[in-house]
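Input: a single structure, listed below in structure tokens.
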């Protein structure tokens, strides 16, 4: 099952809370920060790609501290499908009035 959201346009306003990350090829990718979720003593960020082609699917990444630098953090992919689903369910509950969520079967 794939979970998508429809985000209504922000009427041309400049997006706030933009995070720029590097993909596996070193390319910069821009995301809108949507939320920080605590789940099982870990933190996860929920991001929305700002690229118009990917504007309906969120990205969930685990937050990890950078060793030796407590003021920095890094975001890593989550391989556990159950964890991703649980974090997304928490996000959906928190934002049920702000987004239209669409459930798609594989």
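No lab work stands behind these numbers, since they all come straight from the coordinates. A quick note: this is a predicted structure, and the numbers were derived from the prediction, not measured. Glycine gets a Cβ as well: all are built from the backbone with ideal geometry, and neighbour counts include every protein chain shown.
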At what distance in angstrom do the alpha carbon centres of segment 23-47 and segment 77-97 lie from each other? 12
Cβ-based exposure ranking for 39, 44, in which fewest neighbours within 10 Å come first: 39, 44
